[in-house]
Amino acid sequence: MADFTVDSPNVQYTREHIQSNYTYQTSRVEEPKPGKYKVTPVDVKVNFRTQRRKPRLGCMLVGWGGNNGTTVTAAVLANKLKMSWNTKEGVQHANYYGSVTQASTLCIGKSETGDVYIPFKDILPMVHPNDIIFDGWDISSMNLADSMRRAKVLECELQQKLRPYMEKMKPRPSIYLPDFIAANQAERADNVMTGTKWEMVQKIRDDIRDFKTSKKLDKVIVLWTANTERFSLEEVGLNSTAEELMHSIRKNAAEVSPSTLFAVACILEGCAYINGSPQNTFVPGVVELATQHNVPIAGDDFKSGQTKIKSVLVDFLVNAGIKPVSIVSYNHLGNNDGKNLSAPKQFRSKEISKSNVVDDMVASNPILYEPNEKPDHCVVIKYIPYVADSKRALDEYTSEIMMGGKNTISMHNTCEDSLLASPIILDLVILADMCQRIEFKTESCADYQSFNCVYSILSYLCKAPLVPRGAPVVNALFKQRACIENIFRACIGLPPQNFMTLEDKLSKPLSMPTVTREVGSVIPAVKKAKLESNGVHKNPSGIPIGIANENGTVNGTH
């Protein structure tokens, strides 16, 4: 863990909080005449207050017995127990590669020898994945050890080492409404709730309370990683308001989906709810209900492989002045997700979430695109049982370049689908908890407030980001990551990360008061001394400030 001190009169460390007085700088643009803009810089004074105490955190997964649920549970156990296992390439040790919080770094500034990087997880006091306690629901009664074997994701030796721990884990009964998922899922459905939809909502609430009480948890976050559902109708009188939705559930309306029932139960129970699949769980009534209860919701659909690359490549092309005109994406996979998506209605949900990922990047460049003009964009998914979780993705990007020229980029990607999704699940849960512990106030509002209950800050991890009404949808990956990083930097009084590095570009370097280094010195990619330090977050005097753990003692670490 990283040991660092923010030495600033604008930052204060107390036993309970990190407080930061921060100036948020933005710009207001007016267009008095078509094509004529007036830009006014705007400074807003913001006070951030971040809770330092890490909660005892539980995560309940809807679809716990599926590929993602078993893989993420196995990964946390393997890391917590420091497991290693033999493969044909040699000995493999458990890690959290693919997690932005656990396996990436960020720059906190410059030293005399160059940029200094720390683990992302150390910028604020985040929960460690090893400390997350799992539970959940599934329509299959199979224990997690057998479900892990059925998933065919992890190496056999590792499965054998994990079996004694995972065979004791069994999912709670879940909601099975055949109209919403593919008919080919019926053979799994031997662990299902019964009763009316309102009774199912109450059962989910009972399950959450039981888990929280039995494990002595401070907080529970619920995440949907179950089958993709078909899109639900959104209609006035059915689900356009919270009142309508609650009435529809009570009268057992057929068009209220399982994922929406889980969302409603979580909101009523005060638990953050994250949708990791592409269906329209968050109908208007759910969003209104979450707003009324001030309970965080986030989604939709994990952004793991093909779509993540797309949100990087199209952003690069458009910002380079190159015009993508055709994007064709093909996938085939053989896990249960692929099996469910082989049904047309469920595929349509996935197609929608994958197809909208380039819209904001295209709209940002009116030089290349006329109003409402978009690239041709096609997404194909096929179910091939033999390849199991080893998903194949093939993409072709055709673009117009200078003077009528054409450029085509073709890519092939093979990956274990669940090993990409599992670290995203961890990041979503860890970041959702962290955001719940951040409050802020401005000069115009004396009271502290939380983030809007629609957590668009988690867009980096989602294919089809859910945003507050009226807010722009951002899909470009680097903008999404910068959003998270810069908000967290603001919480400790650091300015947004930029890459101006003016101190390295001046003809008279000493004219800028900043750290300097000898000409020709090597800048290390990562400052290992910082990465290997002890994790104590100090106040400006250099005295460690501890945080209270579950039993009220102070452990002295970040």
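The values are calculated or read from the model by the stated rules, or taken from the named source; none is laboratory data. Quick caveat: nothing in here was measured; it's all calculated off a predicted structure. Neighbour counts run over all protein chains shown; Cβ positions are idealised from the backbone, glycine included. Accessible surface is based on the protein model in full, side chains and every heavy atom, while ligands, DNA and RNA are left aside. Shrake-Rupley method; radii C 1.70, N 1.55, O 1.52, S 1.80 Å.
When DSSP beta bridges are restricted to pairs lying wholly in the range 304-435, around 70% turn out antiparallel. When a/c reaches 1.5 or more, the comparison of a/b and b/c decides; with that in mind, is the range 400-514 rounded, prolate or oblate per its Cα gyration tensor? Verdict is oblate for the range 400-514. Take every Cα pair under 8 Å whose residues are at least 6 apart in sequence, average their separation, divide by the length of the chain, and the relative contact order is 21 percent. Among beta bridges identified by DSSP and lying wholly in the chain, the antiparallel ones come to about 65 percent. Using just its DSSP H runs of length 4 or more, each adding -39500 (n - 2.57), the chain gives a mean residue ellipticity at 222 nm of -8500 deg cm²/dmol after division by all residues. Annotation: extensible slack from M500 through D359 equals 47.9 nm (criterion: 0.36 nm per residue apart, minus Cα-Cα distance). Within the set (1) 240; (2) 195; (3) 168, the number that volume of the Cα convex hull per residue in Å³ takes when calculated for this structure is listed as (2).
When each of the peptides 271-279, 253-261 is scored by the mean number of other C-beta atoms lying within 10 Å of its residues, the order from highest to lowest reads 271-279, 253-261. Taking every alpha-carbon pair under 8 Å whose residues sit at least 6 apart, the range 190-307 reaches a relative contact order of 30 percent.
Mean Kyte-Doolittle of at least 0.5 plus a Cα span of 24 Å or more along the axis: flag which DSSP H helices in the chain meet both, please. Long hydrophobic helices here: 417-436. Could you compute the net charge surrounding S326? Neighbours are other residues with a C-beta less than 9 Å from the C-beta of S326; K and R count +1, D and E count -1. That works out to -2.
Using a probe of 1.4 angstrom and keeping all protein chains present, the accessible surface of the range 357-420 works out to 61 square angstrom per residue. Expressed as a whole percent, the accessible surface of the chain that belongs to carbon and sulfur atoms is 53, based on a 1.4 Å probe. Across E485, E370, E244, the residue with the most accessible area heads the list, and the full order at a 1.4 Å probe is E370, E244, E485. Each peptide among 361-368, 425-432 gets the average number of other Cβ atoms lying within 10 Å of its residues, and from highest to lowest they stand as 425-432, 361-368. Ordering H332, H247, H128 by accessible surface, largest first, gives H247, H128, H332; the 1.4 Å probe counts only protein heavy atoms, with every chain in place.
The distance linking the range 164-191 with the range 470-503 is 40 Å (Cα centroid to Cα centroid, whole angstrom).
In this label model, K38 and H412 are separated by 5.9 nm, measuring between points 7 Å along each Cα→Cβ vector. The modelled label-to-label distance for the pair V467/E400, using points 7 Å beyond Cα in the direction of Cβ, is 2.6 nm.
Under 8 Å for C-alpha pairs, at least 6 residues apart: give me the relative contact order for the range 96-143, rounded to a whole percent. Across the range 96-143, relative contact order equals 26 percent. Over what distance in Å are the Cα centres of the range 46-71 and the range 239-255 separated? For the range 46-71 versus the range 239-255, the Cα centre distance is 28 Å.
So, counting K/R as plus one and D/E as minus one, what does the shell of residues with Cβ under 13 Å around L77 add up to? Cβ neighbours under 13 Å give a net charge of +3.
Between D210 and Y386, the distance separating the two model label sites (each 7 Å from Cα on the Cα→Cβ line) works out to 4.4 nm.
Rolling a 1.4 Å probe across the protein heavy atoms gives the range 53-113 an accessible surface of 42 Å² per residue.
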